[in-house]
Amino acid sequence: MRRAGLSFDAEDTQRSHRAPSASSAPPPRALRPISLLTLLLLLLPAARADDAWPLPQAAERAFPSVVKVYGAGGFQGVPAYGTGVIVDERGFVLTAWSIALRTEALKVVTHDGRRLRATLWRSDPGLGAALLRLEPPQGGLPSLQPLRLADSTGLAPGDAVFTIGNPFGIIYGDERPAVAWGVVTAIGSLRAGGVDVARLPERLERVIVTDIPGNPGSQGGPLLTRDGRLVGIVGRLVESRATNTIVNHALPAADLVEFVRGGVAAERPIPEPPRVAPRARAGAAVESGLRLQRVHLARSPMAYVEAVVRGSPAEAAGVRPDDLVFRLGERTIRSCRDFDEALAAHRPGDTVRLVLKRGDAMREVTLTLAAGGP
Amino acid sequence: MSALRSSSGAACWPPTAPPTRTRWHTPPVTRRRVLALALLLAPAAAFAQDDGDEVLRRALATEAGQVALVARLAPTVAAVFPGEQPGGGGGSGVVIDPRGLVLTNFHVSGLNRVLTVGLNDGRTYRARLLGIDPGGDIALLVLTGRADFPAVPLGDSDAVRPGERVFAMGNPFLLAEDYSPTVTQGVVSGIHRYRDATGGSDLVYGDAIQIDASINPGNSGGPLFDARGRLIGINGLGGFRPDRGRVNVGVGFAASINQIKNFLLDLRAGRQCQHATMNATVRDQEDEQGRPRVVVDAITREAKAFAAGLRLGDIVRRLDGRPVGTQNQLLTLVSRLPAGRRVTLSVARPREDGQGFHERDVTFRLDPLWSGPAQGEWQPDPELLAAETRLILEAHRQGEWPREWRRDESIARPGGAVERRVTHARGRLLRVERGPADARVVEVWDGKRGFARTPDGEGPLTPGRRDVLAGTAEALAALAGDPEATATLTFTGGEWLDGRAVLRLEARDRAGRRRLLYLDPETHALAGLAYPEEKGAWVEEVHRPGVILRLDHETGALLEKADEVRVEPGPQASELFERVE
């Protein structure tokens, strides 16, 4: 009974209004438009009172679980600061993966302003998430108030959500991070192309796209429903300078449950999994198994190889990351776009000659193209 | 240290100051809130056929409530153009008083003495610049052309909670040619934010409200309303990312109304407001448990805080009872106060033996922190100032205050001594009897000369005592409108007296004696006064019902307290004020 783009977390309300007994049945579907309107009522300001607006209370409950994260960064657009959520009272903080977390000097500041050292306990760039473990100071860890990951599977476009974070690092110490609200605009894959593939959480099948502006420092903060359920973690800033767009997204809680559970159960820090090359771009007719570094620049960059898909024609031919593609067939390759065009002129099964520059040496390989992805 | 690394541009349109790295020819991407609002409203309309549905009826009623709220607020929102004509650049403002007082940003008004203000009746009004607060980025205008402007009540920004819904109204991009304001909706992202001057803006916002409602160029000076339509701030800074060409990033700042309230009476008095400094710097530190604390790491010997006993290494725990955990919090608390405000700093000083701390309170008046035009460059408009003074005096004289009275006080001093004091007043004449019956001192000011009778004899008053009596007598007579009074009264702004804001009038008589008279801003009754004692130290006299306190003007230390004060209005015999033989 959801109307596209216009449903406001109807199921969540029903859930929260339901008694916590197992016997309560889900409400009949016919009730849903009514609760939709109830929510509408809640969302609209009344001239007399705004008591029905749940955000202040929900934010108040969440603040003690939100922490400021300080790593190493501040260069090449990577902020040294971010946000995190305490997900376990034994000192585990969930945040967005960032290169800035790879430092011995990792610090976490809790809601009461305590500054604690932390270790990068588990990280997965492909998932876009990282789990930090707080190091107990003298006298042990302070009492922590965790937020548990909630069920994010019911989330749909139009649901009202809010985030808590530290955009631009404007707050510090025991100051409360910033609240921003908006709606879920889409739930989908970020792999559709056009954005910087290398920086995406490529192992995630889907992310929650919102209209809440993402800013440096917001990453790692909680994405919450109006009633304060933790349905996601704000992802790293994904932007395209070519199209001047930012995809404000969050990692769904459902995809982080295993990551957190495994991390909390581990005896020692878990090594980062090797990067997996993404699948072929949608709609490509042929597959070389070779992924280029499509960093966001105004002009199409030179065709450096970012990754090689396992078991692919490129791997069989001996192409390696960091190779520069110099020629494909008879065509000179000056950019990623040249490479895409040259490749598109071929069919699966064709054998093509590649000239690669590896270090200072040039080398030539031949590979047989496979069929493209769906 | 906190620093907004985006360029946080002043949101006037175009900016009054030359912008850094800013191009204005391309309108920035505007925002989603209006659209989101439309989406919110759409379903209610879509279901409108299902009448009889109780929920629907309530939803529509709520929607109507919001529309009505916006309609009620819209007439108070102003488009402000710094010049004699609309157009060119400009910003927004809001009417806070039916006689046409308009709050806007200083970076919108600049130092233009004459401005043009458009309201949503489609008309433009001439406005004059009354007072400026460059340090708080606020200016107060007064409109002409109407007697009863629609005005909004001031809210309480300290009661605002993060997540609360807010509306920003104004004239972004000067879109509305008929001056009907643009509404954008969002939530409070944070409160008590200290935004220092970084990223292409030299504006410091001391106690700011951070919002995610869309603030764009032209919104500057416009109102931020809470969900009940109360004014909680003045929108002034939008967050834009310069590297992405003025993209609104959903981080905006409004000057909090409670900060503005601290300067509002100074603005009304046509002054250039002065913010405050402790003349000391602090830094963030951690204690052994990793908890933050704030430590004084530099202080000048000239600082009033130093004179009051603040020292290097002191740990600042509270300011006027409000906890201080970070440098930013102390900056926020100090920057929302005017210079001269008396504050109490609770500090902890490590004991010499390293075991624990000495806890102590340090009370002093904050030193001035000058910002904006250099001292003396801004002067109140004499005509506007005279009008404001006249309004206040007229309001005071509507109260029926007795011209002649007798006051009986039993005064207790901290040492334990008790003294009875009887004061008789009749116009400019004053008689004070003090001391025990067997050693009574009688002092008289007859309007020209002073006399005294002590157990030792009789004679003229000492010059010091004469000035004490005469200055007060002349000031009070002028306040009462006595035609023979020689003192002139000028409204000079606000003062914080006995825990509340009061109006301050400065009296100066023919002999150059100064008094400060404090009036209640609501009733315009006399709430207290300040006068120099014989030796020159100023005394602050606080009037409460049945009680008079006399405090050291600088430190607030209690000098004397009179309980059971009885004031009897009525004629006072003229011989009381004659030479005592």
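Listing for the model above:
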read-out	value
Per-residue mean of C-beta atoms belonging to partner chains within 10 Å, peptide B:284-291	5
Debye log10 I(q)/I(0) at q = 0.10, 0.19, 0.23 Å⁻¹ for region B:339-438, Cα point scatterers	-0.76, -1.04, -1.14
Per residue convex hull volume, Cα atoms of region A:84-125, in Å³	77
Using a Förster distance of 56 Å, the FRET efficiency for B:ALA501-A:ILE99 (Cβ separation, nearest 0.05)	0.60
Alpha carbon centroid spacing (whole Å) that separates region B:411-465 from region B:514-581	14
Test item: B:158-167 mean partner chain Cβ contacts at 10 Å	5
Shape category assigned to region A:54-273 from the gyration tensor of Cα positions, a/c cut at 1.5	rounded
Anchor B:LYS304: aspartates and glutamates whose Cα lies under 12 Å away (excluding residues fewer than 8 positions away in-chain)	B:ASP367, B:GLU554
Distance-filtered residues of region B:523-543 - backbone nitrogen under 14 Å, label point 7 angstrom along B:ALA307 Cα→Cβ	B:536-539
As computed over region B:248-313, the Cα convex hull volume per residue (Å³)	190
Long-range amide H partners of B:LEU559 with built H, under 5 Å	B:ARG550, B:LEU551, B:ASP552
Reachable lysines from B:LYS448, criterion Cα separation under 20 angstrom, eight or more residues apart if same chain	none
Cα radius of gyration and Dmax for region B:429-571 (Å)	15.5, 47
For B:ASN105, residues with placed amide H under 5 Å, excluding near neighbours	B:SER92, B:ALA139, B:GLY221
Karplus-derived 3J(HN,Hα), 6.51/-1.76/1.60, for each residue of region A:180-187, Hz, glycine and proline x	9, 10, x, 10, 6, 9, 6, 10
For region B:265-419, fraction of C-alpha pairs farther apart than 20 Å, in %	64
Inverse of mean 1/r across different Cα pairs in region B:441-525, Kirkwood, Å	14.1
Integer Hz, Karplus 6.51/-1.76/1.60 couplings in order for region B:457-465, x for Gly and Pro	x, 10, x, x, 5, 5, x, x, 5
Shielding by other protein chains, B:315-326, mean Cβ within 10 Å	1
Under the Karplus curve 6.51 cos²θ - 1.76 cosθ + 1.60, θ = phi - 60°, whole-Hz ³J(HN,Hα) for region B:119-126, x wherever Gly or Pro sits	10, 6, 6, x, 9, 10, 10, 7
Rounded to the nearest 10 Å², the accessible area of B:TRP445 at probe 1.4 Å	10
Whole-number Å³ per residue for the convex hull built on Cα positions in region A:63-104	71
Interchain or long-range residues, amide H under 5 Å from A:THR185's placed H	A:GLY158, A:VAL209, A:THR210, A:ASP211
Computed over region B:482-561, the ratio Rg/Rh where both radii use C-alpha atoms and Rh is Kirkwood	0.97
Whole-number D in µm² s⁻¹ for chain B, Kirkwood Cα-pair radius fed into Stokes-Einstein, 20 °C, 1.002 mPa s	81
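The values are calculated or read from the model by the stated rules, or taken from the named source; none is laboratory data. Keep in mind that what you see is a predicted model, and the values were worked out from it rather than measured. Neighbour counts are summed over all protein chains in view; Cβ atoms, including those assigned to glycine, are modelled from backbone coordinates with ideal geometry. Areas reflect the complete protein model, heavy atoms only, side chains present, ligands, DNA and RNA absent. Shrake-Rupley method; radii C 1.70, N 1.55, O 1.52, S 1.80 Å.
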